[in-house]
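Worksheet: the structure to be examined is printed underneath.
The values are calculated or read from the model by the stated rules, or taken from the named source; none is laboratory data. This structure is a prediction, so every number in the text was calculated from the model and none was measured. Cβ: placed from backbone, ideal geometry, glycine included. Neighbour counts: every protein chain shown.
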Amino acid sequence: MRAKREYRDRGDVEVAVLDALVDRAEEGMTVFELRAAVDADIDTIETALGELKDDNLINVENAHERIRIRPDDRVVPDPEERQDDEQGILDVVREKFGL
């Protein structure tokens, strides 16, 4: 799942971080899990996290001796509503092969 459209007008890394967090909104992610999910170096991810935190788009919690990062509720789309710009796997395959 991807972050709501109104939160996608940010830098590529910030959007990638938001998308990764939205995918795991319930359990949240650690910085190391984000590093594995986002194609950027740790310094760039930390900068993106700082910007997102400053804009109140993420929540940082200390849970069981681990720092967990979750997206703010307003960033997570309603699962019942598919965003127009979100493509399913079949859409991607059709586009790739010209079907």
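Tabulated data
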| read-out | value |
| --- | --- |
| Residues (part of a helix (DSSP H, G or I) and either in contact (Cβ under 8 Å) with a residue 60 or more places away in the chain or surrounded by 19 or more Cβ atoms within 10 Å (Cβ to Cβ) (or both)) located in segment 28-50 | L34, I45, A48, L49 |
| In segment 51-99, residue modelled with the lowest pLDDT [restricted to those that are of a type in the set (A, V, I, L, M) and part of a loop (DSSP other than H, G, I, E, B)] | L99 |
| Residues located in segment 51-76, provided they are of a type outside the set (A, V, I, L, M, F, W, C), surrounded by fewer than 18 Cβ atoms within 10 Å (Cβ to Cβ) and touching a helix residue (DSSP H, G or I) at 6+ places or on another chain (Cβ under 7 Å) | E51 |
| Flag if A25 is within 22 Å of P79 (Cβ to Cβ) and in a loop (DSSP other than H, G, I, E, B) | yes |
